[in-house]
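Beneath this line is the structure, given in structure tokens, with notes to follow.
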Protein chains: 2
Amino acid sequence: MSKQQAPLPLVDLNADTPCCPPLAQRRVPAETAAVLAPAFKALGDPVRLQLMSMIASAENGEACVCDLTPAFDLTGPTISHHLKTLREAGLVDAERRGTWVYYRARPQILRQLAGLLSIEPTAASQR
Amino acid sequence: MSKQQAPLPLVDLNADTPCCPPLAQRRVPAETAAVLAPAFKALGDPVRLQLMSMIASAENGEACVCDLTPAFDLTGPTISHHLKTLREAGLVDAERRGTWVYYRARPQILRQLAGLLSIEPTAASQR
DNA sequence: CGCCTGTCTTGACGTCCGTCTAACCAGAGA
DNA sequence: TCTCTGGTTAGACGGACGTCAAGACAGGCG
């Protein structure tokens, strides 16, 4: 058992992804799109976007599920499912310490996504 | 009819959205998440991510559908459907000029999304 | 050991999404 | 006006997604 550390099909973006040339600078290759799109998709749900924010902005850089769950009008399993989605997208890491499970954000992929969307205010691309 | 300029439920993020405090700085409010999540969701498909990039990185800041369609192994209607999704998410604008339809990126919302994901390398949030 | 609390997994159900074919609409040109 | 080309809409189909209730697992405490 101990499914958490089982070899889930995790996207390890921190490994070999060429750290995202800005989307508006050159065309994103199909392979990069295939790797990065799931991360955007994971953030494409209001609940997960809030979860991600709560985890990333947490005090010690980590958030307990016991703090996350009561923040929504959803059942525990549903929150757990969303957290699993974030985990499989490579956006967060989970660790069990005693009774509670703590989630921690992975800044690297957040930086990749932000870099992909970044637009230098140099070009007069306004309108 | 002229459905294109009909009052589609467009998300006008450029209007009153408070231009995104970084996700990792403070918790994203539910309303902000509800507004921004659809934009991430729209980018959560490899085809749309590439379309977005092709449009945003185009020469004059705009791309013709006739150039976008042959870049994929998909039918015209499917590409049109994806473009509509990007349009309804507020990520692009469409304009018909003569025979062809041109799509243009909206830098403002891209900046909002990038700002939301941005992480200052100041905090030692690295594990 | 046995119970209790916290979290995850399983299975199910309804809805939304990605794709296609067929049909329709808008301009350009003869 | 008729026709051709480019693009969108309508409808349908299979698969994925969001949610839940019920059950299973893990760790702490008596």
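Please treat every number below as a calculation from the coordinates, not as lab data. This is a predicted model, so every value here is computed, not measured. Cβ sites come from the backbone with ideal geometry, for glycine too, and all protein chains shown count toward neighbours.
Just counting partner chain Cβ atoms within 10 Å, what average do the residues of peptide B:101-113 show around their Cβ? Average neighbour count from other chains, rounded to a whole number: 3.
3J(HN,Hα) along the stretch B:91-98, derived from phi through the Karplus expression 6.51 cos²θ - 1.76 cosθ + 1.60 where θ = phi - 60°, amounts to 8, 9, 10, 10, 8, 9, 10, x Hz, with x in place of Gly and Pro.
Once the Cβ-Cβ distance of B:GLU95 and A:GLU95 is raised to the sixth power relative to R0 = 41 Å, the FRET efficiency obtained is 0.25.
In terms of its Cα atoms, the stretch A:35-78 spans 31, 25, 14 Å along the principal axes, sorted from long to short. Scalar couplings 3J(HN,Hα) for the stretch A:51-67, obtained by applying the Karplus form with A = 6.51, B = -1.76, C = 1.60 to θ = phi - 60°, are 4, 4, 5, 4, 6, 5, 9, 5, 3, 8, x, 9, 10, 8, 4, 5, 8 Hz; x denotes Gly and Pro. Across the stretch A:45-127, Cα-Cα pairs more than 18 Å apart make up 46 percent of the total.
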